[in-house]
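Q: I have a structure here, written as structure tokens, and I will follow up with some questions on it.
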Amino acid sequence: MKVGILTGGGDCPGLNAVIRAVTRKALDVYGYQVLGILEGWLGLLEKKTVLLTHRDISGILHRGGTILKTSRTNPLQSPKHVRDSFQNLKELDVDALVVIGGEDTLGVAGELFKRGVNVVGVPKTIDNDLYGTDFTFGFDTAVNVATEAIDRLHTTAESHNRVMIVEVMGRHTGWIAVQAGLAGGADVILIPEKPPDLDEVCESIKKRHKKGKDFSIVVVAEGTKLPTLKNENGIYVVRDEEKDAFGHVHLGGIGNVLGREIHQRTGFDTRVTILGYLQRGGSPTAFDRVLATRYGIAAIDLVKEGNFGKMVALRGNKIVAVDLAMATKKIKKVDENLYRIAQVFFG
Ligand code: F6P
């Protein structure tokens with residue numbers, strides 16, 4: 001039995017922990033071969049692979065990034081690439097594929113399954129926006145990075161009587177913003193799920209300052225849409241006009257626009273910090289290492305059982321198998337109750 005494994009989409013802390021767990025159990029317990037497919041779906045199209053050994057997976061548990069490298073290649077974009085994917089899986093003698101990715105990469109995995117490939121998915125993303133699972137691995141690390149940043153910004157904001165805007169990632173959901181904002185004691189949290197009213201935001205900051213607080217921390221998720229006079233649904237703030245292979249815009253920069261608005265409307269000294277890729281790099285937290293390891297073991301067990309077309313998922317504290325098609329059909333938005341808890345501390 002030869003099991004292929006690949007990591008696709010944006011990297012995230014914990015990828016190596018999954019690769020290690022899948023490979024260790026495959027080699028030691030099931031006696032399978034494990035073929036690392038490099039650079040996500042691109043490696044399958046170009047047949048860039050490496051047979052994984054104990055040496056390859058030794059010492060990687062705590063390392064961020066992915067030893068297999070990654071890409072945002074979408075093989076479903078052209079019929080030729082779909083044909084090549086099938087042909088190459090055959091030529092490489094891959095019997096089953098463990099795919100570690102977010103909604104895009106796992107969406108491709110789901111399509112390949114429908115067309116006969118034996119796939120198992122593992123949910124990865126710092127955004128925590130995958131519908132089929134309570135938590136993706138990588139999210140906890142990103143939240144911890146953002147929380148530490150908010151803690152640090154607190155002390156400098158306080159010393160200078162400033163409004164500090166912190167822009168975090170999360171694409172079209174506000175999970176990182178809400179969780180890190182709650183943990184860091186943010187005074188305002190803006191997320192895509194709750195389109196902001198800038199008058200209300202500024203009023204609440206002014207009120208807070210009238211009550212005797214001289215500084216404020218505003219956390220904003222990169223995918224929050226800014227209201228405009230022309231477009232009442234709001235607009236995304238993007239880094240550039242290019243889209244990736246899955247049709248996503250490159251979000252980023254809303255913090256700067258918001259900072260200017262808040263300064264103009266309140267007169268308070270305002271500064272902006274965009275955390276960006278710091279949230280994706282570096283070592284995974286202990287929580288993410290354990291979750292990623294549990295996911296990896298569950299994924300190779302599903303391969304052993306021949307239970308394909310599934311994604312391993314966390315429900316409560318249990319690892320379960322859910323249908324890949326269900327897990328990727330829509331994104332998981334921020335829990336309203338969690339946001340309501342955060343709102344208690346606004347202003
Ligand atoms: O999905 C993870 C993520 O980091 C998002 O939070 C962010 O919008 C996006 O990836 C950035 O993508 P890229 O690596 O293509 O710049």
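Derivation of every value follows stated rules applied to the coordinates shown; laboratory data play no part. For clarity, every value in this text was computed on a predicted model and none was experimentally measured. So basically every Cβ, Gly included, is an ideal-geometry build from the backbone, and we count neighbours across all protein chains shown.
Q: Sequence neighbours fewer than 8 away in the same chain don't count; with that in mind, list the lysines whose C-alpha is under 18 Å from residue 243.
A: The qualifying lysines are 225.
Q: Name all residues of the stretch 88-112 having a backbone nitrogen under 14 Å from the label point set 7 Å from the Cα of residue 77 along its Cα→Cβ direction, giving them as ranges.
A: Output list for this probe position: 105.
Q: In the structure displayed, which of 47/310; 48/333; 206/330; 80/310; 310/333; 69/304 lie more than 32 Å apart, Cα to Cα?
A: Numbers: 47/310 25 Å; 48/333 36 Å; 206/330 38 Å; 80/310 26 Å; 310/333 21 Å; 69/304 25 Å.
Table pairs above 32 Å Cα-Cα are 48/333; 206/330.
Q: Note down the magnitude of the dipole of the chain about its Cα centre, charges +1 on Lys and Arg C-beta and -1 on Asp and Glu C-beta and zero elsewhere, to the nearest 20 debye.
A: Working: 45 positive and 41 negative charges, 73 e Å.
I would put it at about 360 debye.
Q: Once you keep just the Cα pairs under 8 angstrom separated by 6 or more residues, what percentage relative contact order results for the stretch 140-281?
A: Working: 268 pairs, mean separation 44.4, N = 142.
So the answer I get is 31 percent.
Q: Now for a different question. Using 0.36 nm times the number of residues separating residue 242 and residue 315, minus their current alpha carbon distance, what extension gain do you get?
A: Details: separation 73, 0.36 × 73 = 26.28 nm, distance 3.62 nm.
My answer for the length gained is 22.7 nm.
Q: Further question on the same structure: Could you give the alpha-carbon Rg of the chain over 2.2 N^0.38 Å, rounded to two decimals?
A: 1.06
Q: Provide the packing ranking of 322-330, 128-136, 231-239, i.e. peptides ordered by the mean count of other C-beta atoms within 10 Å per residue, highest first.
A: Working: 322-330: 18.2, 128-136: 22.8, 231-239: 13.1.
Ranking the peptides 322-330, 128-136, 231-239 by packing returns 128-136, 322-330, 231-239.
Q: Going Cα to Cα from residue 210, which aspartates and glutamates come in below 17 Å? Please leave out same-chain ones fewer than 8 positions away.
A: Of all the aspartates and glutamates, those that pass the test against residue 210 - Cα under 17 Å, at least 8 places apart if same chain - are 158, 187, 199, 200, 269.
Q: Give a residue-ordered list of calculated ³J(HN,Hα) values for the stretch 231-238 (Karplus: 6.51 cos²θ - 1.76 cosθ + 1.60, θ = phi - 60°; whole Hz; x for Gly, Pro).
A: Using θ = phi - 60°, the values come out as 10, 6, 7, x, 9, 6, 9, 10 Hz.
Q: For the pair residue 203/residue 333, report the inter-label distance in nm, with labels modelled 7 Å from Cα in the Cβ direction.
A: Computed distance between label sites residue 203 and residue 333 equals 2.3 nm.
Q: Only Cα pairs within less than 10 Å get springs; with that Gaussian network setup on the chain, which residue of 92, 38, 106 has the largest fluctuation?
A: Comparing 92, 38, 106 in the GNM, the peak value goes to 92.
Q: Where is the GNM fluctuation largest for the chain (alpha-carbon springs, 10 angstrom cutoff): 242, 167, 39?
A: Largest GNM mean-square fluctuation: 242.
Q: Moving to a separate point now. What distance in nm separates the simple spin-label points at residue 134 and residue 28, each placed 7 Å from Cα in the Cβ direction?
A: 2.7
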